[in-house]
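A short worksheet on the structure shown next.
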Amino acid sequence: MTQSLALGYIPLVDAAPLIVAAEFGFAEEEGLHLDLQPAASWSMLRDMLDFGQVAAAQMLSVVPVARALGLGGGAQPLETALVLSLNGQVLGVSEQVAARLGPLAFGAPQAAGQAIAALGGRLRIGVPFPFSMQAELLHYWLERAAPGVCVDIRTVPPPRMAAALLADEIDGFCVGEPWGSHAVEMAGARLLFAGSAIWSQAPEKVLACRRGWMAEHPDAAGRLLRAVWRATRWAAEAENLTTLAEVLAQRAYLDVQPELIDRALAGRLLVSSAGPEVRVPQFLTLHRGAASFPWRSQAAWIGARLAARSGIDPVAAMDSARATFRSDLFRLHLGAVGAAMPRASDKIEGGLEQAEAVAGVAAPVILERNRFFDGAVFDPAVSA
Amino acid sequence: MIEQLSIVVVEKDRDRALLIVDALREAGDLRITVIGEESGLARKIAEQRPDLVLIDLRSPSRDVLEELALASGPMDRPVAMFVDRSDTGLTRAAIEAGVSAYVVDGLRPERIRPILDAAIARFHMFSRMRSELAATKAALEERKVIDRAKGLVMRAKGIGEDEAYGLLRKAAMDQGKRLVDVAQAIVTAADLLR
């Protein structure tokens, strides 16, 4: 018998795993019917989860951690057993700021930070949500590449990013695709670098559930995790890229030009409306390496960052954060399907200049290049 | 004497905003401000120093309100989503109606209740209107497709309107499909073969 599950998402390129699971038979294979429900904001998606209107939802990786630390709104604690995507963000500035910055190589956060610091004055930067990897990467970058710069970080719904630039409400933005490219096209914005230039393995979206839902519904949770994990594998195959872009572009989903999506999926970005197009390695990772694995160290990094900014005890914060990334449930449900299964549930974040094989449960696991722009290393054992 | 409550309604559609304001006025003596512009929303709300903010649950601008919840300066009045501090029954009712409310810290639930009840009733009406409108639109679209298919059958077979309609109906019944789906197939095929 087919079981129906309601799933929430926001029409973004990185909703691909959920849309693919529903559209290409991966859910059906598991005896699931996925009822995909679009939301217009992260707040709305969170309410849908809180009040049980959806069993699971695409969610910003920072949200479950923030909730565990008592930051931001919402009623229910959340957890995740699957990372849906790494990176996929872009950072850009308005036409006016770009002109003042002068010539600047794309993909050089250190140089971009220095140039921004030299401008002086106050900078207003838009992010989609106060608790998002976009906001975290932005804080991390400015702290280290442009210390002392006065920044206002403002929440701007991604589809409004271009309008906010044109109305002079913001000077720059950090946002996921297709909305960065949209701002380039509609508002003459210039991209400075991709999020992966700040941290090449930053967990961006996760599949979130209310805490306890997966334990209470082990059968449904297992089917859902397997279907979505197989969908990430399909979505990451180069030969499926065109099909995927066409499906995501449909009116029922993102309702934008397939070309915009195609570029984001392939990691080809138009830096400004006049070009050039650049290829960004590791721009958006949906599956490669152990991308789906919810590393406890990723949650710890997010927890440590939030704690430092909010004046919370970092050790306790990292502990609460780690508990929201359920690598144990990933192991339980995805062991049999051949998902990359590392022996450890923590890794050192940063400091890995090129892909490397590490011990895995059945076979070695490839860890992809994992680097912070300033060469920093986050060791959860030492930091705790 | 209880101080007059200040309410901000975030709503782009002028007519809808007026209907909400009317309903709220009946609920009590309130200072109501409507903000229709998305630009500079956070600043405009902060300027009003509201006790309560009402916004359509589906509004993309809701995430902007999340930012206000973080305001931490000594002069700031943190606004939190209603979910956090009230009975979940009322919150659930609000969510089902499609309205979300953000209340300032420390406001007593019994002061909010009548206002929220009024807002919930009004938003319920909106969502009914919205689904009625959608149903009417869909029916109109279906009608158009069936008329086009009928015309195509009439021309292709040189038959009259009633007969063409009868053929379409029979085909739909024989195949266990909806009339509009059969009509759509004919229209699509005709477009392809043109």
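Every number in this text was worked out from the coordinates using simple rules, so none of it is lab data. Not measured: the values here are computed from a predicted model. Neighbour counts are summed over all protein chains in view; Cβ atoms, including those assigned to glycine, are modelled from backbone coordinates with ideal geometry.
Some notes on this structure:
- The C-alpha radius of gyration of chain B, expressed as a fraction of 2.2 N^0.38 Å, stands at 1.56.
- Whole-angstrom gap from segment A:101-127 to segment A:224-283, using each part's C-alpha centre: 27
- Of the two radii for segment A:132-278, the radius of gyration is 1.01 times the Kirkwood radius, both from the alpha carbons; that is the Rg over Rh value.
- Relative packing of A:216-224, A:134-142, which averages over residues the other C-beta atoms within 10 Å, highest first: A:134-142, A:216-224
- Peptide A:44-51 - average C-beta neighbours from other chains (10 Å radius): 5
- Residue order, fewest to most beta carbons within 10 Å, for A:VAL156, A:VAL361, B:VAL64, B:VAL187: A:VAL361, B:VAL187, B:VAL64, A:VAL156
- Count Lys and Arg as plus one, Asp and Glu as minus one, and take only other residues whose Cβ is under 11 Å from that of B:ASP162; the net charge is then 0.
- Among B:GLY151, B:GLY40, B:GLY176: highest mean-square fluctuation, GNM of chain B, C-alpha pairs under 10 Å: B:GLY176
- The alpha carbon centroids of segment B:151-194 and segment A:328-384 are separated by 59 Å.
- Count, lysine Cα pairs under 24 Å in the protein assembly as shown, 8 or more residues apart or across chains: 12
- Each peptide in A:264-272, A:307-315 receives the mean, over its residues, of other Cβ atoms within 10 Å, and ordering these scores from highest gives A:264-272, A:307-315.
- Scattering profile of segment A:304-343 at q = 0.31 Å⁻¹ [log10 I(q)/I(0), Debye over alpha-carbon scatterers]: -0.96
- Other protein chain Cβ atoms within 10 Å, averaged over every residue that makes up B:30-41: 2
- Along principal axes, Cα extents of the protein assembly as shown, largest first, whole Å: 82, 72, 54
- Debye intensity ratio I(q)/I(0), log10, segment A:122-199, q values 0.19, 0.26 Å⁻¹ (C-alpha model): -0.75, -1.38
- Inter-chain shielding of A:75-84 (mean C-beta neighbours from other protein chains, 10 Å cut-off): 1
- Residue with peak Gaussian network fluctuation, chain B [Cα springs, cutoff 10 Å], from B:GLU11, B:GLU132, B:GLU141: B:GLU141
- Overall form of segment A:216-340: oblate. Here a/c, set by the Cα gyration tensor axes a ≥ b ≥ c, is 1.5 or more, and a/b is not larger than b/c.
- Among B:ARG31, B:ARG128, B:ARG143, the residue with the largest mean-square fluctuation in a Gaussian network model of chain B, with springs joining Cα atoms closer than 10 Å, is B:ARG143.
- Note, ³J(HN,Hα) from phi for segment A:324-341, Karplus 6.51, -1.76, 1.60, rounded to Hz, x at Gly and Pro: 7, 9, 8, 4, 5, 6, 4, 4, 4, 9, 10, x, 6, 8, x, 5, 4, 10
- Peptides ranked, highest mean first, by Cβ atoms within 10 Å: ranges B:165-172, A:208-215: A:208-215, B:165-172
- Range of Cα positions in segment A:72-114 per principal axis (Å), largest first: 47, 22, 17
- Distance cut-off 15 Å, percentage of C-alpha pairs in segment B:131-189 lying past it: 49
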